[in-house]
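The values are calculated or read from the model by the stated rules, or taken from the named source; none is laboratory data. Here the structure is a predicted model, which means the values were calculated and not measured. Here the Cβ is made from the backbone with ideal geometry for all residues, glycine too, and neighbour counts use every protein chain on show.
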Amino acid sequence: MMSSPSVQQESLSGMSAREKIVSAVAIAVLAALLGLVFNAYLAPGMLINFANLVLCS
């Protein structure tokens, strides 16, 4: 069952400052990781060069 927006708002305001910071950091890390994955998709040669550098040095 779907909860009403007022219930969702109450649950967000019930989060402690630490929980909000941890959530924000997790979202930022996820966004950075997705950006790197998308960049590797657009330029696969860069990913191959990086793997060669790490594995063959």
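Below is a table of values for the structure above.
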| read-out | value |
| --- | --- |
| Helices (runs of 4 or more DSSP H) (entirely within the chain) containing at least 3 residues that are at pLDDT 90 or above | 17-42, 44-55 |
| Pair list, Cβ under 9 Å, 6 or more apart: the range 22-40 residue under 17 Å from Phe50 (Cβ atoms), other residue surrounded by 10 or more Cβ atoms within 10 Å (Cβ to Cβ) and among the aromatic types (Phe, Trp, Tyr) | Ala40/Phe50 |
